[in-house]
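Asks: The structure's right below; bear with me while I get my questions together.
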Amino acid sequence: MPLKLSTTEVLLFLICRSCFSSSNQQYTETADLVRRLTNNLIEGQSFADFQTFPQLLNHEGGDSWNPHSLSPRSITGWNWTKRNANLNYTWPVKRVAEVEGDIILGGLMMVHEREDTQICGPIMPQGGIQALECMLYTIDWVNNQKGFLPGITIGAYILDDCDKDTYGLEQAVDFIKGSIRNIDDGTYRCPDGSSPVIRQKIISGVLGAASSVTSIQVANLLRLFKIPQVSFFSTSPELSNKQRFEYFLRTVPSDTNQAQAMVKIVKILNWTYVSILYEESTYGIKAFNVLEERLAQNNICIAVKEKLTKDSGVASEGVYDKIVRKLLSKQRARGVIIFGSDQEVAGVMRAVKRSNATGYFSWIGSDGWSARSLVFDGNEPQVEGTLSVQPRAHLVEGFDKYFMNLNVKNNKRNPWFVEYWEQYFNCKWPKSVTTPYNQNYDTYCTGDEKMTYNNGYEPERQLQFVSDAVLTFAYAFRDMHRDLCGGKEGICQRMDPIDGTELLKYLYKVHFTGLSGDEFQFSKNGDGPARYNIIHFKQMEPGSYQWVRVGEYRNGQLTLNLSKVQFHLYEPEMPPSVCSYPCLKGQAKKFVEGENCCWHCFNCTKYQVLLSETQCAECPLGFLPDADHKSCIGIPELYMSPDSYWAIGALAFSTTGISVTVFVVVVFIRYNDTPVVRASGRELSYVLLAGILMCYGMTYVLVQRPTNFICGAQKAGIGLCFSVVYSALLTKTNRIARIFNAGKHSARRPSFISPKSQLVICGALVSIQISITVVWLAFTPPKAIHHFPTREDNHIVCAASINASYMVAFAYPITLTLICTVYAILTRKIPEAFNESKYIGFTMYTTCIIWLAFVPIYFSTAEHVALNVTSMSVAISLSSTVTLVCLFTPKLYILLLHPEKNIRQSMMPQNKYGTLKNNTLTTTSSARVESATQSEEYEMSGKIRSFCTLSSSVSRISCATQTPKGPPAELSYVDKDVFL
C-alpha cells in the first residue's frame, strides 16, 4: 500500500531531515525523494511512495541520524564523492548568507551557474554575486535611514539555487520552516527517536528567484504558507496569472511586453522571415507563444523554431551544432530571435563559430542573455550586431563603488565571495573550500587585489530591479508599521508575526523613487513598469566592442535610432531577412508549398488588377488598372463636345448655312408676289427651306453629349429633316412630270396639281417618315450607352449609332432621294423656259454622290467619335447646302441682281420660235401665255390663238392655230406656273 501523507507530515519530515544529518548516500536519496514529494505537493496530488519513504522514515538497515555527523561540507543535494571518487570533497556545499534583523527577508539567488554533470556549476559573477550584494547593499541603506523603520532592522537569509528549479525548490524549504506553528512534538518523531527541532526564524518575504522556472516552483510552495515573493529577474508571462500565483510579484515587466518590443524591432528592420530559438523552460516557452502570436498578426513568418535545452539538463556542443545547421538551412532567414538564458546562448555562439557562420546572422536578444559577459566574452564577433530588449534600468547609486571596495577580508557575510574572488583573479584563497573550479589555480590570493573596470569588472545592468525588490518590502513594512503599530518603535504585537496576506496588500500599494532614481509601482497584475532599453552590441573600432543604447520601448511605443545601428564595423545596414522579396507592381504571388512567406512572382496581364495577393482579375470594360495594378480606374468618357475643334468646324458650317437659308427666306418673303417667286411654287419652296433649316439645325443636336433625350432627337430629327426636303422636291418633280406626260396624250388637266394638293401630298410623304420614326422609337427606345471600340476606349454614344440603326432613319429619305433622281432624269429634256427640273436633277446627282461618299466614311470612323459625328453633320449640312445653292441661287440671282427679268414672259422667245420651218403658224404679240403663281386660278388674257406641243423626238415647239372652242387634244390647257 502506498503511504499517504498530509502536507504537514511531509513538511515535518523535511524539517527533521534538514535538522539532522545522515550518511551522504542516504542524504542524497532523501533529497531526491524531497524533490519528488514537493513536486507532487505543488501539483496538488497526494504524497505516495511505495517503498522508499517508509524505509527512510524507519531507517531500515541505515545509520542513525546524528546531528554531530554533519561536516562543514555537508550538502543538501548530491554527493560529489559519489561522482568523483578520486577527489576527497563534496560539492556543492550548502551555505547561507545571513544578516540579523527584526524582520527577515529570504533571498534565492543564482549564485552558481547551472551544470549538467553536477548540481552547481561555476560562480556567476553578474546575475549572481552582484545581485546578492545589491540585496545586502539595499538592506544596509534601509537600515541606515533614520526613522524609516523606527526601532526595526531588516535582516536577510539568502540561499543559492544554482539556476536549477529542483535544487532551488529544495533550498526554498528553509523559508517555510518558521511558518509552521502548533505542532505537537509528541506526535512526530525523527528516525532516531528525537523530537524535531523547529527553527523559529520566520521569513516574512522572499526575493527571487532569478529564473522564471525556479520562481514558478518556489511560488507554488510559498503560496501555501502565504509568504509574499518578489522576483527581480523572472519575466515569464505565466507569472502574471494571479489565480495561480497570487502571492507572487516582480519588479521587472512581463515578457509579453518584451515580445511585443521584439516584434516592433523586426518590423522596423523590414524583416518578414525570421527564426526563433527559445529555451526549454516556462520562461522560453511562454515567451515563444507570445512571439508566435504577435509575429503572425504582423505577417512575419518563422523559418526555424528550436528549443534550447534547459530543464532537461545542459546540452552538448553537438546539439548546438545541429541547431546552427538548421538555421543555416534557411539561408534567407538571417534574423534570429533568441529567448533564452546566458548559458544556453553562449553555447549557440560557440556553435556559430565552429560552423564558420560568424557574421551571417543578426540576433534579436532577450533580457536573459544580452549584455551578459558569459555570452559575449570570447564570442564578440559572433554576437556583434545584436539588438536586445532589456528592461530599462539605471545604475544603483553607490553600488559600484561599494562592490569594488569589497574583498575576502572585509566581506565575511557572503560565504560565496571567496569563490568569486578566486575566479575573478584566477587564484586560490588559502584554506578555502575545495571546489571543482579552484583546483588548477597555481597562485594564491593575498586579499589585497583590487577590482577595477580595467581588470575585468563588468557591472550587472539590471541590479535596479534587485534594489527595487528590497525597497518594495521596506516601504510595505514601513506603511504596515505606521498603520498597525501607530508609529511606535519596534515591532508591535500586530506585526509579530507579519501576516503575509496583509503584507501583500501593502506591497501592491507601494510607490517610491528607488536608488536608481526611477519611480516604481506595481501594475494590477503585480508586474513592474513596462519600460525597456534597446541596446546594441557594436564594434566601435577594430577589436573594441561595446553595448550601446539605441532606443527605448515604453507604453507600447518603440523608438529606435537606426543611424546608431550597424551590423558590422564596415556594414552599417542590417542584412535583410526575407524569404521572398515583395512582388513588383502588377505581380501576384504563387506561394511555395508549405511556406507562407516564400513565393514566386508572376505578372498580371495589361488589363488585370490584383484581386488578392495571389489572384489577378480583369478590369471591366470602361476601366483600366492603375499604375500599381491594385484597383480599376474609370477611363475618361469620350464624346463629342460643342467646344471641340471638330464641333466648332461643323457648327461654323451649319451656322453659315442657317444664315444663308434665313437670308433666302427673307428675300422670298420680300419678293413674295413677284413673278419669279410665284413661278417657283411658293408653298413648296417654303417647305423646302424649312427642311433645309432643320438639316442645318441637326448639327447642334449631333455635337451634344449623348443622353437619352439627345439620342431620341437624333433618331427622329435626321430622318425627318431629309424627309421634308426630299418630299418637297419629289412633289415638285412629280407634278412637272405628270403635267408634260399628260400633255402628250390628252388635253385634259391632270389631277392634284393645285397648291393645296401639293402641300397635302408633301405632308403625306413626310407623315410616312414620322410614322416610321414613332414605331422605331417605340420598339427601340433611344439610349445613350458606353461604347468600347477598343479595350482602352470609353465612348458615350447613342446606341443607334453603333449598330447601323440609323439606316432605319435614312431608309425612307434615301427612297425619296432615289425617286427624285429618277424624276429628274425623266424631266431632263424639258426646255429651260419651263420649270427648274434640271436644277433639281443636278441637286439629286450631287446628293447621291455626297451620300455615297459619306456612308463608308461614317462606318470607317466609328472608333473616332469626334470625326464620326463631324462627318455625319457635315454630310447633312452639305446635302442641304447643295439643295439650297442649286435651287435657290438662280432665283436670287434674278431677284437681287437682275430685277428687270422678274416679269411675265412669253412662252417662247420671238427670234427663236416665232416662225416655223414650213410657215404653218406665226405668233402674234397678242397671242401670249402669261406666267402666274400656282396659287392663282387659271386665267388667260384672251382666247388662245395657238398651242404648243411637245415633240417626243426633238426638243422643238410647233405652233398651231387654236380654235375658239379650246386647245387641241395634245395640250388642252396651259398651266401658266410651268413657265419661267
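The values are calculated or read from the model by the stated rules, or taken from the named source; none is laboratory data. Note that the structure is a prediction, hence the values are computed from the model and not measured. In this analysis, Cβ positions are derived from the backbone assuming ideal geometry, glycine residues included, and neighbour counts consider all displayed protein chains. The accessibility values were calculated without ligands, DNA or RNA, using every heavy atom of the protein model including side chains. Shrake-Rupley method; radii C 1.70, N 1.55, O 1.52, S 1.80 Å.
Asks: Could you say which residue among Y157, Y137 is hydroxyl-bearing (S, T, Y) and in a helix (DSSP H, G or I)?
Replies: The unique qualifying residue is Y137.
Asks: For residues that are out of contact with any Lys or Arg (no Cβ under 8 Å at 6 or more places or on another chain) and either at pLDDT 95 or above or more than 24 Å from Y457 (Cβ to Cβ) (or both), tally how many sit in region 112-128.
Replies: Number of matching residues: 2.
Asks: Of the conditions (1) under 24 Å from P789 (Cα atoms); (2) open to solvent by 30 Å² or more (accessible area, probe 1.4 Å), Q714 clears all except one; give me its number.
Replies: Just one mismatch for Q714, condition (2).
Asks: Could you list all residues from region 160-191 that are open to solvent by 30 Å² or more (accessible area, probe 1.4 Å), part of a helix (DSSP H, G or I) and modelled with pLDDT under 85?
Replies: Once the filter is applied, which keeps residues that are open to solvent by 30 Å² or more (accessible area, probe 1.4 Å), part of a helix (DSSP H, G or I) and modelled with pLDDT under 85, region 160-191 yields only S179.
Asks: Is it the case that region 62-72 has a residue that's modelled with pLDDT under 90, touching a Leu at 6+ places or on another chain (Cβ under 9 Å), surrounded by fewer than 21 Cβ atoms within 10 Å (Cβ to Cβ) and in a loop (DSSP other than H, G, I, E, B)?
Replies: yes
Asks: In this structure, does G657 turn out to be open to solvent by less than 30 Å² (accessible area, probe 1.4 Å) and part of a helix (DSSP H, G or I)?
Replies: The answer is yes for G657.
Asks: Of these, S751, S767, which one is among the polar types (S, T, N, Q), at pLDDT below 85, surrounded by fewer than 16 Cβ atoms within 10 Å (Cβ to Cβ) and under 26 Å from S680 (Cβ atoms)? If you could, list the steps in order and put the result at the bottom.
Replies: Details: S767 fails: at pLDDT below 85.
Being among the polar types (S, T, N, Q), at pLDDT below 85, surrounded by fewer than 16 Cβ atoms within 10 Å (Cβ to Cβ) and under 26 Å from S680 (Cβ atoms) holds for just one of S751, S767, which is S751.
Asks: For region 754-784, name all the residues that are in a loop (DSSP other than H, G, I, E, B) and touching a helix residue (DSSP H, G or I) at 6+ places or on another chain (Cβ under 9 Å).
Replies: Residues satisfying the conditions are T780, P781, P782, K783.
Asks: What pairs come up if the first residue lies in region 271-291 and is without any contact (Cβ under 8 Å) to a residue 24 or more places away in the chain, the second is open to solvent by 10 Å² or more (accessible area, probe 1.4 Å) and hydroxyl-bearing (S, T, Y), and their beta carbons are under 7 Å apart, counting only those six or more places apart or on different chains?
Replies: Partner pairs satisfying both residue conditions: I285/Y278.
Yes/no matrix, rows are residues, columns are (1) closer than 21 Å to L887 by Cα; (2) touching a residue at least 12 places away in the same chain (Cβ under 8 Å):
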residue: N708; (1), (2): no, yes
residue: I736; (1), (2): yes, yes
residue: V775; (1), (2): no, no
residue: T780; (1), (2): no, yes
residue: A784; (1), (2): no, yes
residue: A799; (1), (2): no, yes
residue: V808; (1), (2): no, yes
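Asks: Give region 801-827 a look and list any residue that's touching a Ser or Thr at 6+ places or on another chain (Cβ under 9 Å), open to solvent by 10 Å² or more (accessible area, probe 1.4 Å) and not β-branched (V, I, T), or say none.
Replies: S805, Y812, Y823, L826
Results for (1) in contact (Cβ under 8 Å) with a residue 12 or more places away in the chain; (2) surrounded by fewer than 15 Cβ atoms within 10 Å (Cβ to Cβ), shown as yes or no for each residue.
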position	(1), (2)
K585	yes, yes
Q608	yes, no
P620	yes, yes
P625	yes, no
D628	yes, yes
F663	no, yes
F668	yes, no
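Asks: Would you mention how many residues in region 785-830 are part of a helix (DSSP H, G or I), in contact with a Pro (Cβ under 8 Å, 6 or more places away or on another chain) and at pLDDT 80 or above?
Replies: Of the residues in region 785-830, 1 are part of a helix (DSSP H, G or I), in contact with a Pro (Cβ under 8 Å, 6 or more places away or on another chain) and at pLDDT 80 or above.
Asks: Those residues that are part of a helix (DSSP H, G or I) and surrounded by fewer than 19 Cβ atoms within 10 Å (Cβ to Cβ), I need them from region 295-333; list them, please.
Replies: Selection gives A296, Q297, E317, G318, V319, D321, K322, R325, K326, L328, S329.
One line per residue, one yes/no per condition, for (1) in a loop (DSSP other than H, G, I, E, B); (2) of a type outside the set (S, T, Y); (3) modelled with pLDDT of 90 or more:
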residue: S577; (1), (2), (3): yes, no, yes
residue: Y581; (1), (2), (3): yes, no, no
residue: L584; (1), (2), (3): yes, yes, no
residue: K589; (1), (2), (3): no, yes, no
residue: C597; (1), (2), (3): yes, yes, no
residue: C601; (1), (2), (3): no, yes, yes
residue: A627; (1), (2), (3): yes, yes, no
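Asks: Moving to a separate point now. Condition first: in contact with a Ser or Thr (Cβ under 9 Å, 6 or more places away or on another chain) and without any contact (Cβ under 8 Å) to a residue 40 or more places away in the chain. Now tell me which residues in region 223-238 satisfy that.
Replies: Q229
Asks: Here's something else I'd like to know. Would you point out which residue out of F399, F417 is over 22 Å from M540 (Cβ atoms), of a type outside the set (D, E, K, R) and touching a Cys at 6+ places or on another chain (Cβ under 8 Å)?
Replies: Answer to the check: F399.
Asks: Still on this structure: Starting from region 357-382, take each residue that is in a helix (DSSP H, G or I) and list its partners that are of a type outside the set (V, I, T) and at pLDDT 90 or above, counting only C-beta distances under 6 angstrom and pairs at least six apart or across chains.
Replies: Taking only residues 6 or more apart or on different chains, the pairs are L374/A346; V375/A346; E380/Y545; Q382/M349; Q382/K353.
Asks: In addition: So for region 670-685 (the condition being surrounded by 23 or more Cβ atoms within 10 Å (Cβ to Cβ) and either assigned to a helix (DSSP H, G or I) or hydrophobic (A, V, I, L, M, F, W, C) (or both)), does at least one residue qualify?
Replies: yes
Asks: Between a first residue in region 200-222 that is open to solvent by 20 Å² or more (accessible area, probe 1.4 Å) and a second residue that is of a type outside the set (A, V, I, L, M) and assigned to a loop (DSSP other than H, G, I, E, B), which pairs have beta carbons less than 7 Å apart while being 6 or more apart in sequence or on different chains?
Replies: I202/P497
Asks: Here is a follow-up. Got at least one residue in region 279-290 being open to solvent by 40 Å² or more (accessible area, probe 1.4 Å), in a loop (DSSP other than H, G, I, E, B) and in contact with a Lys or Arg (Cβ under 7 Å, 6 or more places away or on another chain)? Before the answer, list the steps.
Replies: Looking only at region 279-290, we keep the residues that are open to solvent by 40 Å² or more (accessible area, probe 1.4 Å), and these are 280, 285-286, 289.
When the remaining residues are screened for being in a loop (DSSP other than H, G, I, E, B), the result is 280.
With in contact with a Lys or Arg (Cβ under 7 Å, 6 or more places away or on another chain) added as a condition, the list becomes 280.
Yes, region 279-290 has at least one match.
Asks: Residues that are farther than 26 Å from P92 by Cα and either touching a Ser or Thr at 6+ places or on another chain (Cβ under 9 Å) or at pLDDT below 90 (or both): which helices (runs of 4 or more DSSP H) entirely in region 398-504 hold 1 or more of them?
Replies: Correct list: 399-404, 463-485.
Asks: With the checklist (1) at pLDDT 90 or above; (2) crowded, with 23+ Cβ neighbours inside 10 Å; (3) in contact with an Asp or Glu (Cβ under 7 Å, 6 or more places away or on another chain); (4) among the hydrophobic types (A, V, I, L, M, F, W, C) in hand, flag the one item A351 doesn't pass.
Replies: (2)
Asks: Are any residues in region 102-126 among the small types (G, A, S) and either crowded, with 24+ Cβ neighbours inside 10 Å or at positive phi (or both), and if so, which ones?
Replies: G106, G107
Asks: Select from region 488-513 the residues that are under 17 Å from I154 (Cβ atoms), in contact (Cβ under 8 Å) with a residue 60 or more places away in the chain and open to solvent by less than 60 Å² (accessible area, probe 1.4 Å) and list them in ascending order.
Replies: G490, I498, G500, L503, L507
Asks: Of all residues in region 537-575, which are open to solvent by 100 Å² or more (accessible area, probe 1.4 Å) and in a strand (DSSP E or B)?
Replies: E541, R549, R554, Q557
Asks: Still on this structure, please answer the following. From the list F425, F376, exactly one residue is open to solvent by 10 Å² or more (accessible area, probe 1.4 Å) and either more than 28 Å from Q439 (Cα to Cα) or in contact with a helix residue (DSSP H, G or I) (Cβ under 7 Å, 6 or more places away or on another chain) (or both). Which is it?
Replies: When all the criteria are applied, what remains is F376.
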